[in-house]
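Asker: Following this message is one structure expressed as structure tokens.
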There are 2 protein chains.
Amino acid sequence: MDLCTLSVKDFLKRVAEKSPTPGGGAVGCVVASLAASLGAMVANLTIGKRGYEDVSDHMESALEVCENEMTYLCDLVNKDVQAFDQVMTAYKLPKNTEEEKAARKVKIQQALKTAIEVPFDLARRAKNIIVNLERIAKWGNLNAISDIESAAHLLYAVYYVAKANVMINMKSLNDEKYSEWVKEEMGHIESQIKGSYERILDVIAKRNG
Amino acid sequence: MDLCTLSVKDFLKRVAEKSPTPGGGAVGCVVASLAASLGAMVANLTIGKRGYEDVSDHMESALEVCENEMTYLCDLVNKDVQAFDQVMTAYKLPKNTEEEKAARKVKIQQALKTAIEVPFDLARRAKNIIVNLERIAKWGNLNAISDIESAAHLLYAVYYVAKANVMINMKSLNDEKYSEWVKEEMGHIESQIKGSYERILDVIAKRNG
């Protein structure tokens, strides 16, 4: 089922239930999507507004990025749940014979990689959105600038949500090369997000005078 | 209308629309509610689990706090929208005569106070949830501890979302005593949230070994 078709209230209830999915990863995807929708709102409130005519193209393009991410992240919510469920299924495979044990081990490792790929992707998405928010923070409708600030705070947090979910699955993964690569990539994403985050807060502080 | 009865997808669309509400404040309430639901999930995954019998009472009580906050915050989403809409309505009041001007000024100031009270309340709620997450981080089901970490990151961000929304409305408020008091209170909440946040990350790092 598509969890994004649930009402906000029912989604909250589903998270709260005595079941590990949907958990922090899925919630992180929803929060990133909410941040993207705030970006879209401010772009929409800038397009066609008097005094902002010369940034209209930038806002149209920023709006498109935000809308695409909103859709993408709604799918990622469901992928996160599926990935975690696959890990649980793999752990429950029989381990009576040596063959079964070996097959189970392979399945667990495969499932863990998928469970890492989803929050890893979430981190990249958060980066993509926050980089895109920079131009809205710079040139967007000043009346709605606190909404861009709100989105920036949330995306910065989403990165650490994604990291927590990458790291927890990495603990049981045996592929050192892959682990090293993911950690390195996450480090790059972290510094890019941090850079955008700081620039956004800075430009908003200046514009707010 | 109750925005929390909208599907997640439709809520995102409503935020993204060319209208200032629902905006950052309402989104902050949803995110705080999502964090509370993660807390409830981990409490639920701890209650009745072998090896965690002696913390069952703590988890029951933590669960209750999280569930209450989930409900409260869903209402606060709607209150945030109403408060902002009242500010917009007040600004649109006629100002042709001196009487009208004076009456409009009073209405704007009243509406601004309500628009400050909602994110101010959101900050208090975020504090209440994160303080409550501390015992789940300490004693909750170790397998789900990354979900508490995720919730902590989100609540820390929610505080700054709340602050941005308090400050933006404060800019046009003329009541200095009230403004000073709110700023002072927000400062207390900020240091309490920061303290809880750091303790949670610390205890989780230790438990993860």
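Asker: Under a crude label model (7 Å from the Cα following the beta-carbon direction), how far is residue A:13 from residue A:194 in nanometres?
Answerer: Going by the 7 Å Cα→Cβ label model, 4.2 nm.
Asker: Please average, across the residues of A:17-23, the number of beta carbons from any other chain that are within 10 Å of each residue's own beta carbon, and give a whole number.
Answerer: 6
Asker: Moving on. If you average 1/r over every pair of different alpha-carbon atoms in the range B:109-209 and take one over that average, what Kirkwood value in Å do you get?
Answerer: Every distinct Cα pair counted, the radius reaches 14.4 Å.
Asker: Next question. Based on the Cβ-Cβ distance from residue B:181 to residue A:88, what FRET efficiency comes out when R0 is 60 Å, to the nearest 0.05? Could you put the intermediate results ahead of the total?
Answerer: Details: r = 50 Å, r/R0 = 0.84.
Using R0 = 60 Å, I get an efficiency of 0.75.
Asker: So what is the relative contact order of the range B:20-120, in percent, for Cα pairs below 8 Å that sit 6 or more residues apart? Don't skip to the end; give the middle numbers.
Answerer: Working: 88 pairs, mean separation 31.2, N = 101.
Rounded, it is 31 percent for the range B:20-120.
Asker: Need the list of lysines near residue B:138 for cross-linking: C-alpha distance under 27 angstrom, and skip anything on the same chain fewer than eight residues off.
Answerer: A:13, A:18, A:163, A:171, A:183, B:49, B:127, B:194, B:206
Asker: So what's the gap between the Cα centers of the range B:170-209 and the range B:51-108, to the nearest angstrom?
Answerer: Answer, in whole Å: 18.
Asker: In deg cm²/dmol, rounded to 500, what helix-only [θ] at 222 nm does chain B give when every DSSP H run of at least 4 residues adds -39500 (n - 2.57) and the total is split over its residues?
Answerer: -29000 deg cm²/dmol
Asker: If you don't mind, there's one more thing I want to ask. Over the Cα atoms of the range A:3-208, how large are the radius of gyration and the largest Cα-Cα distance (Dmax), in Å?
Answerer: 19.6, 73
Asker: Along the charge dipole of the protein assembly as shown, which of B:22, B:72, B:114 sits closest to the positive end, that is, farthest toward it, with unit charges on the beta carbon of Lys, Arg, Asp and Glu (+1, +1, -1, -1)?
Answerer: B:114
Asker: Please state the charge dipole magnitude for chain B, taken about the Cα centre, from unit charges on C-beta atoms (+1 on K and R, -1 on D and E), reported in debye and rounded to the nearest 20.
Answerer: Taking the Cα centre of chain B as origin, the dipole is about 640 debye.
Asker: Assume the label is 7 Å from Cα along Cα to beta carbon: what separations in nm does residue B:209 have to the matching positions in the other copies?
Answerer: In ascending order, 5.9 nm.
Asker: Using Cα-Cα distances under 8 Å and only pairs 6 or more residues apart, what relative contact order does the range A:57-207 have, in percent? Numbers along the way, then the final one.
Answerer: Details: 129 pairs, mean separation 43.7, N = 151.
Relative contact order comes out at 29 percent.
Asker: I would also like to ask the following. Report the one residue of A:62, B:1, A:8 whose Cα lies farthest in the direction of the positive end of the charge dipole of the protein assembly as shown (charges on C-beta: Lys and Arg +1, Asp and Glu -1; origin at the Cα centre).
Answerer: Most positive-ward Cα: A:62.
Asker: Any chance you could run the full-extension gain for residue B:205 through residue B:174? It's 0.36 nm times the residue separation minus the Cα-Cα distance, nm to one decimal.
Answerer: 6.6 nm
Asker: Could you give, in nm with one decimal, how far residue A:117 is from each other copy of that position, shortest first, with labels 7 Å out from Cα toward Cβ?
Answerer: 5.1
Asker: For the protein assembly as shown, how big is Rg over Rh, using alpha carbon atoms and the Kirkwood form of Rh?
Answerer: My calculation of the ratio gives 1.00.
Asker: Which part of the range B:154-189 falls in the paramagnetic zone of residue B:106, meaning amide N under 20 Å from the point 7 Å along Cα-to-beta-carbon?
Answerer: Counting only backbone N, you get B:173-178.
FYI, it's all coordinate maths here, none of it is from the lab. Remember, it's a predicted structure, so these values are computed and weren't measured experimentally. A quick note on method: Cβ atoms are made from the backbone with ideal geometry, for glycine too, and the neighbour counts reach across all protein chains shown.
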